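Below is one structure; the comments refer to it alone.
The values are calculated or read from the model by the stated rules, or taken from the named source; none is laboratory data. As the structure is a computational prediction, the values presented were derived from the model and not from experiment. Quick reminder, even Gly has a Cβ in these numbers, built from the backbone with ideal geometry, and neighbours come from all protein chains shown.
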Amino acid sequence: MTVETTTRPHSEAPDADPRIRDGRLVPEVVREDFPILHTKTSKGKPLVYLDSASSSQKPQVVIDAVDTFNSTYNANVHRGIYEIGERATAAYEAARDSVARFINAPDSHEIVFVRNATEAINLVAYSWGRKNIHRGDQIVLTEMEHHANLVPWQLLVQEQDGDLEFIPITDDGVLRQDVYEVLLRLKPKLVAFTHVSNTLGTINPVAEMTAMAHAAGALVLIDGAQAVPHVPVDVQAIGADFYAFSGHKMLGPTGSGALWARRELLEAMPPFLAGGEMIREVHLRRSTWNSIPWKFEAGTPDIAAEIGLGAAAEYLLALGMGRVREHEQELLTYALVALQREHPDLDLYGPMDAGIRSGVIPFNVRGVHPHDVAQVLDREGIAVRAGHHCTMPLHERLDLAATARASFNVYTTRADVDALVAGIGEVKRLFA
Amino acid sequence: MDDLYRDYILEHYRRPHNFGVLDDANAQFEGANPLCGDRITMQLRVSGGKIAGVGFTGRGCAISQASASLLTDEIKGKAVDEAEHMTSADVLDMLGIEISPARLKCALLSLETMQHALTEDHTPAGHQ
């Protein structure tokens, strides 16, 4: 690996960075930072990784951050009165600062480290939800939610005797804002929606939807799992109350993730998991709670993973999320044009306007099950997802049993898209 | 030759044997593979301890459809007791291709559905 992989502050002359040319990302150079993209499959094919919406690959800086922790200063956090313990604590808290900066949170104490977006949403449903949702209260969701932003609310309203309402989508996968307006007249307590659809790639107008919810007196939770790797996220500009995301989709390690919430909400919420770390004083029959965010971080956290997440946030900040978005929008346009030109019989889903869509392409080859599509592509070294992508209600709405899905990240190139276009040709030849 | 999508597998996928609704079925079950959205309804006519008729409907991948096609051919006329004791290995032998762990559920959906139909005959379809 000859390319420099250390991160640097965004302000430092970005044009000196070989990964950025004329203000634009050069994915062919960015790729050099990702060791796995230089490996071959067991059939000797170079890996064409098009499943980043499932989990992203990790740059060398993230791998190094985790390795360095494990091999040179592994110790528990907030406990050891010794050098490596203090170093572990400092690195863990510095990662929190990086994550806060990455989403422009006003205060890094508003960042709670969790395992993934699923845990973040469950935390809110359990802690805020059980205190604030009561009989007859409404929660508004959407038809395009990942199961992670659906099932926790199903459990909550079953327990608390509340109700769920859903913002429908249009046939090309855009939320019906007119119906949302009507649903807000029900005076819901909470509106929870995804920032970017994991299946269709739709980028929802989150700031506008948040303002509408607030005007109706509802709090807002945003599932940002598919947004943080792909679009600039500024939680203050969006104005939301809760923002949840995973680390492993934004180039960080599995087991890392964060919940951001406004300080006053976190302070008023009862604890989620109970045990060590989250307490201030423990007596045999009662305890008092630590301050935020540690009140919500019971037990030893995944220290290495969160330190890796901090490195991933710094890496993306150095690339510049605006540039990341431009790269993906440009690549998405290229892919949609190429797929329709080479395979006019391909079924494509989601908005055809790349301006409101992230780099996610669900598709079906007519007469071929997505599992077979994925299997044939795999033999060409191409990794795509096949199935319902944890959005069964969305597939039902679109009357689809399953889809194949190709998805992009900072390291995805036109050559990857060309390989997909050729691979689909191979699928069609085999099943013709 | 293709290691997985052999000609006879693709042939069974394109033109599955015993595909269709069985009017006089007295046992049936709808099996689903929630991971990939595959669904198969297996209908059987059981008479005198033997499987006198069999039909299946549903949609799925080449592996699950070919497996259902081959399996339904195999069990026609078989004793119920024998069909109940068929194993995963029997089905994999029948398919005659190397099935990766990720596709095992596709290959075995028809066997599981058929055995459910035999043990839970007369129950409505769609239980998962």
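I'm checking my understanding of the structure. Among residues of segment A:259-273 that are surrounded by 13 or more Cβ atoms within 10 Å (Cβ to Cβ) and of a type in the set (A, V, I, L, M), which one is nearest to A:Asn116 (Cα to Cα)?
Checking each candidate, the answer is A:Leu259.
List the number of the failed condition for B:Gly77; all other conditions in (1) within 14 Å of chain A (Cβ to nearest Cβ); (2) surrounded by fewer than 23 Cβ atoms within 10 Å (Cβ to Cβ); (3) within 24 Å of B:Tyr8 (Cβ to Cβ); (4) not acidic (Asp, Glu) hold.
(1)
Of everything in segment A:8-48, what is modelled with pLDDT under 95, assigned to a helix (DSSP H, G or I) and of a type in the set (A, V, I, L, M)? Give them in sequence order.
A:Ala16
Take B:Gly58 and decide whether it is in contact (Cβ under 8 Å) with a residue 12 or more places away in the chain, within 23 Å of A:Leu430 (Cβ to Cβ) and within 14 Å of chain A (Cβ to nearest Cβ).
yes
I need the strands (runs of 3 or more DSSP E) fully contained in segment A:327-432, keeping only those with at least 1 residues that are within 14 Å of chain B (Cβ to nearest Cβ), in contact with a helix residue (DSSP H, G or I) (Cβ under 8 Å, 6 or more places away or on another chain) and free of Cβ contacts under 8 Å to residues at least 40 places away in the same chain.
A:385-387
Inspect segment B:109-120 for any residue being at pLDDT below 95, within 14 Å of chain A (Cβ to nearest Cβ) and not in a helix (DSSP H, G or I) and give the result as yes or no.
Within segment B:109-120, not a single residue is at pLDDT below 95, within 14 Å of chain A (Cβ to nearest Cβ) and not in a helix (DSSP H, G or I).
Using the structure shown, decide if B:Ser64 is outside any strand (DSSP E or B) and more than 14 Å from chain A (Cβ to nearest Cβ).
In short, no.
Report whether or not A:Leu251 is surrounded by 14 or more Cβ atoms within 10 Å (Cβ to Cβ) and in a strand (DSSP E or B).
Considered against the rule, which asks whether it is surrounded by 14 or more Cβ atoms within 10 Å (Cβ to Cβ) and in a strand (DSSP E or B), A:Leu251 comes out as no.
Under 6 Å by Cβ, and 6 or more places apart or on different chains, what pairs join a residue from segment A:63-81 that is under 14 Å from A:Tyr92 (Cα atoms) with one that is of a type in the set (Val, Ile, Thr) and assigned to a helix (DSSP H, G or I)?
Matching pairs, first to second residue: A:Ala65/A:Ile307; A:Phe69/A:Ile307; A:Tyr73/A:Ile84; A:Ala75/A:Ile84; A:Val77/A:Thr89; A:Val77/A:Ile303; A:His78/A:Thr89.
Counting only residues that are among the hydroxyl-bearing types (Ser, Thr, Tyr) and over 18 Å from A:Ala261 (Cα atoms), how many does segment A:118-175 have?
Here is the first cut: in segment A:118-175, the ones among the hydroxyl-bearing types (Ser, Thr, Tyr) are A:118, A:126-127, A:142, A:170.
With over 18 Å from A:Ala261 (Cα atoms) added as a condition, the list becomes A:142, A:170.
Number satisfying all stated conditions: 2.
So if I check each of A:Ala65, A:Ala94, A:Ala90, which one is of a type in the set (Gly, Ala, Ser), farther than 30 Å from A:His195 by Cβ and at pLDDT 95 or above?
Numbers: A:Ala65 fails: farther than 30 Å from A:His195 by Cβ; A:Ala94 fails: farther than 30 Å from A:His195 by Cβ.
So the residue among A:Ala65, A:Ala94, A:Ala90 that is of a type in the set (Gly, Ala, Ser), farther than 30 Å from A:His195 by Cβ and at pLDDT 95 or above is A:Ala90.
When residues of segment B:83-98 are filtered for being in contact (Cβ under 8 Å) with a residue 40 or more places away in the chain and assigned to a loop (DSSP other than H, G, I, E, B), how many remain?
Final tally of qualifying residues: 3.
Residues that are within 30 Å of A:Leu398 (Cα to Cα) and more than 21 Å from the chain's Cα centre (by Cα), at least 1 per element: which strands (runs of 3 or more DSSP E) completely within segment A:89-191 meet that?
Strands (runs of 3 or more DSSP E) meeting the threshold: A:138-142, A:163-167.
If we keep just the residues of segment A:283-315 that are surrounded by 20 or more Cβ atoms within 10 Å (Cβ to Cβ) and aromatic (Phe, Trp, Tyr), which is farthest from A:His230 (Cα to Cα)?
By that ranking, first place goes to A:Phe296.
So which residues in segment B:12-58 are surrounded by 13 or more Cβ atoms within 10 Å (Cβ to Cβ) and among the acidic types (Asp, Glu)?
B:Glu30, B:Asp38
Of the conditions (1) part of a loop (DSSP other than H, G, I, E, B); (2) on the phi < 0 side of the Ramachandran plot, A:Glu208 satisfies every one except a single condition; which number is it?
(1)
Which one of A:Thr72, A:Thr41 is among the hydroxyl-bearing types (Ser, Thr, Tyr), closer than 25 Å to A:Val410 by Cβ and surrounded by fewer than 16 Cβ atoms within 10 Å (Cβ to Cβ)?
Checking each option against the conditions leaves just A:Thr41.
Return only the number of the condition from (1) within 14 Å of A:Thr199 (Cβ to Cβ); (2) under 23 Å from the mean Cα position of the chain (by Cα); (3) surrounded by 18 or more Cβ atoms within 10 Å (Cβ to Cβ) that A:Thr413 does not satisfy.
(1)
Taking only segment A:85-132 into account, find how many residues are among the small types (Gly, Ala, Ser) and more than 25 Å from A:Val151 (Cβ to Cβ).
Final tally of qualifying residues: 10.
For segment B:20-55, what are the residues that are outside any strand (DSSP E or B) and within 14 Å of another protein chain (Cβ to nearest Cβ)?
B:Pro34, B:Leu35, B:Cys36, B:Gly37
Would you confirm, using the coordinates I've provided, whether B:Leu104 is within 14 Å of chain A (Cβ to nearest Cβ) and assigned to a helix (DSSP H, G or I)?
The answer is yes for B:Leu104.
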